[in-house]
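Undergrad: One structure is given below, represented as structure tokens, and several questions about it will come after.
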Amino acid sequence: MVTGNVLVVDDDEQIRQALVDRLGHWGHRAAQAKDGDEAMKAASAAEFDVVLLDLLMPGRNGLEVLRDLKQAGCTADVVVLTAQGSIESAVEAIRGGAADFLTKPADFSLLKAVIDRLLEQRRLVRVNQSLVERVQSAGPVVLGSSAGMKQLLETASRAAQGTTTILLTGESGSGKQVLAEYLHAQSPRHAGPFVYLNCVALSDELIESTLFGHERGAFTGAVSRKEGRLEAAAGGTAFLDEVGDVSPRLQAKLLHFLESGEFERVGGTRTIRVDCRVIAATNRDLEAAVREGAFREDLYFRLNVIGLRIPPLRERTEDIPELAEAFLARFAAELRRGALRFAPETLGILTRYAWPGNVRQLRNAVERMAVLAPGEILTPDLLPPELTDGAPASDAEPTDLPFKDAVHEFRKRYLARALRDAGGNQRVAAERLGLQRTFLNRLIRTYGL
Ligand SMILES: Nc1ncnc2c1ncn2[C@@H]1O[C@H](COP(=O)(O)OP(=O)(O)OP(=O)(O)O)[C@@H](O)[C@H]1O
Ligand SMILES: [Mg+2]
């Protein structure tokens, strides 16, 4: 049971003493005051969790004392004691910030229940605050001590201080979201909200109303007014993921917001101002999209005031062992596996692999090994098949082979890589390689991929 500091304020000596005795019996520390003046003095001298406050007292009445306590910054929960039948004053006390009320003479078992509940609530609030602070002070962990990542994080820390829009680019799984959270945590707005919105796979209308909110009746189903994610991000950061997928119409609305800080909800005419920092991310080539006319150039420049590119994992192989070890430690702890270690050959293969799915793929591979490992040491046979099958994925050229075989080998690796990058989607791969899909399909069969 939680015990606390309680102040009893009542002009009736007998009642006061009875309450103090009872509180002591329940394990609380109790102090007493016979009127408003004494109560204010006591509250400025010590911190209380709960104040039991009589409403009918000579001099300042209980409601006035309640108001004065609140004004003096007293954070205790105040429980008022009212005479039977004076519900109006109880209601007034609650409006004035009292936590609860009891009728006199106080029923002790009821009093105990009220105090226990308030103390438990206060305990939970404290626990929650400390958790929030811990999470905030730790921030997201962004691993990587390669030169490329070090430089990126340094620029990011500086960029985090301002309020300009930041555009994060990088292949899928390279850590754009991790970096966005890091930027928020490093920024002066870290105590504010970090709000995430993914623009992919949502219809235009849904993105718009999610982002900007909507007024009641704006469209079928809009039964009540709804705040958008941008409003929810006030004082903090809004992270717009996959911003390259936004339609031209919404691009215009987004640009307007970025330039003016203002927008209207869907179906609304009121101008809404929101102070939030926007971080956007995309794994599409926005410059190419601008050239093709699919993405507004002015919006691109506006988003890209600060552009941060996360290098793909294969361009920073020094980070691989560090990331792999960190993920392994995490999964071993989660799975309660005790110590798990990579065999040196395993780490070698991990480091040489090209990681088309970047850090996410590495994390998944390590998780898989941690789950499947029969013993403490992770041997290469536990690696996912794509790491050990067929052609090594390193970029080394097959220079030792006769010309014809080398070309064959090169084509095979080239195609395998393109397929992997496209997540096995032949249509996407064909588009990227500039091949007809049917031709790509024939090549795939020729090379037995
Ligand atoms: N530098 C890093 N340090 C620690 N973990 C990382 C790092 N980069 C990525 N990760 C982990 O890899 C996974 C993928 O990262 P994230 O979601 O940020 O990628 P992304 O670039 O947003 O990918 P997508 O384009 O597919 O959305 C996450 O689980 C994240 O925790
Ligand atoms: Mg992402």
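Undergrad: List the number of the failed condition for PRO311; all other conditions in (1) within 13 Å of ligand 1 (Cβ to nearest atom); (2) surrounded by fewer than 17 Cβ atoms within 10 Å (Cβ to Cβ) hold.
TA: Every condition holds for PRO311 apart from (2).
Undergrad: Hey, another quick one. Which condition does LEU303 not pass, out of (1) of a type outside the set (Gly, Ala, Ser); (2) closer than 30 Å to GLY424 by Cβ; (3) buried (at least 17 other Cβ atoms within 10 Å of the Cβ), if it passes all the others?
TA: (2)
Undergrad: Take the residues in the stretch 262-281 that are exposed (fewer than 15 other Cβ atoms within 10 Å of the Cβ) and either closer than 26 Å to SER157 by Cβ or over 25 Å from the mean Cα position of the chain (by Cα) (or both); name whichever of them is farthest from ligand 1 (Cβ to nearest atom).
TA: Ranking the candidates gives THR269 first.
Undergrad: Can you run down the residue pairs with Cβ atoms below 6 Å, 6 or more apart or on separate chains, where the first is in the stretch 205-216 and among the acidic types (Asp, Glu) and the partner is surrounded by fewer than 18 Cβ atoms within 10 Å (Cβ to Cβ) and not in a helix (DSSP H, G or I)?
TA: Qualifying pairs under 6 Å: GLU215/ARG225; GLU215/GLY267; GLU215/GLY268.
Undergrad: Now for a different question. Looking only at residues that are more than 7 Å from ligand 1 (Cβ to nearest atom) and among the hydrophobic types (A, V, I, L, M, F, W, C) in the stretch 156-178, which one is surrounded by the most Cβ atoms within 10 Å (Cβ to Cβ)?
TA: It comes out as LEU168.
Undergrad: Go through GLU88, GLU92 for me and flag whichever is assigned by TED's automatic domain parsing to the domain that holds ARG29, among the acidic types (Asp, Glu) and more than 41 Å from the chain's Cα centre (by Cα).
TA: That would be GLU88, the only listed residue that is assigned by TED's automatic domain parsing to the domain that holds ARG29, among the acidic types (Asp, Glu) and more than 41 Å from the chain's Cα centre (by Cα).
Undergrad: Can you run down the residue pairs with Cβ atoms below 8 Å, 6 or more apart or on separate chains, where the first is in the stretch 98-118 and modelled with pLDDT under 95 and among the basic types (Lys, Arg) and the partner is in a strand (DSSP E or B) and surrounded by fewer than 16 Cβ atoms within 10 Å (Cβ to Cβ)?
TA: The qualifying pairs are LYS104/ALA83.
Undergrad: Which ones in the stretch 270-301 are among the hydrophobic types (A, V, I, L, M, F, W, C) and within 16 Å of ligand 2 (Cβ to nearest atom)?
TA: Step one: of the stretch 270-301, the residues among the hydrophobic types (A, V, I, L, M, F, W, C) are 272, 274, 276, 278-281, 286, 288-290, 294-295, 299, 301.
VAL278, ILE279, ALA280, ALA281, LEU286 - these are the residues of the stretch 270-301 that are among the hydrophobic types (A, V, I, L, M, F, W, C) and within 16 Å of ligand 2 (Cβ to nearest atom).
Undergrad: Identify, by number, the condition in (1) crowded, with 16+ Cβ neighbours inside 10 Å; (2) assigned by TED's automatic domain parsing to the domain that holds THR165; (3) part of a helix (DSSP H, G or I) that ASP298 doesn't meet.
TA: Here ASP298 clears every test but (1).
Undergrad: Determine, yes or no, whether ARG273 is more than 16 Å from LEU303 (Cα to Cα) and touching a Gly at 6+ places or on another chain (Cβ under 7 Å).
TA: Yes; evaluated as a whole, the condition is true for this residue.
Undergrad: Condition test on ASP241, is it at pLDDT below 90, within 16 Å of ligand 1 (Cβ to nearest atom) and in contact with a Cys (Cβ under 8 Å, 6 or more places away or on another chain)?
TA: No.
Undergrad: Something else now. GLY434 passes all but one of (1) under 25 Å from LEU362 (Cα atoms); (2) modelled with pLDDT of 85 or more; (3) surrounded by fewer than 13 Cβ atoms within 10 Å (Cβ to Cβ); which number fails?
TA: Going through (1) under 25 Å from LEU362 (Cα atoms); (2) modelled with pLDDT of 85 or more; (3) surrounded by fewer than 13 Cβ atoms within 10 Å (Cβ to Cβ) one by one, GLY434 breaks only (1).
Undergrad: Follow-up question, since we're still on this one. Given the stretch 45-118, what strands (runs of 3 or more DSSP E) lie entirely inside it while holding 2 or more residues that are touching a helix residue (DSSP H, G or I) at 6+ places or on another chain (Cβ under 8 Å) and crowded, with 22+ Cβ neighbours inside 10 Å? Talk me through it step by step, then tell me what you get.
TA: Working: elements: 50-54, 77-83, 100-104.
The strands (runs of 3 or more DSSP E) meeting that bar are 50-54, 77-83.
Undergrad: So, one more: If I go through the stretch 1-32 residue by residue, how many of them are in a strand (DSSP E or B) and buried (at least 17 other Cβ atoms within 10 Å of the Cβ)?
TA: Looking only at that region, the number is 8.
Undergrad: Might you check whether a residue that is buried (at least 17 other Cβ atoms within 10 Å of the Cβ) and at pLDDT 85 or above occurs anywhere in the stretch 384-404?
TA: The answer is yes, given that some residue of the stretch 384-404 is buried (at least 17 other Cβ atoms within 10 Å of the Cβ) and at pLDDT 85 or above.
The values are calculated or read from the model by the stated rules, or taken from the named source; none is laboratory data. Here the structure is a predicted model, which is why all the values come from computation and not from measurement. Because the Cβ atoms are built from the backbone with ideal geometry, glycine has one as well, and the counts that use them run over all protein chains shown.
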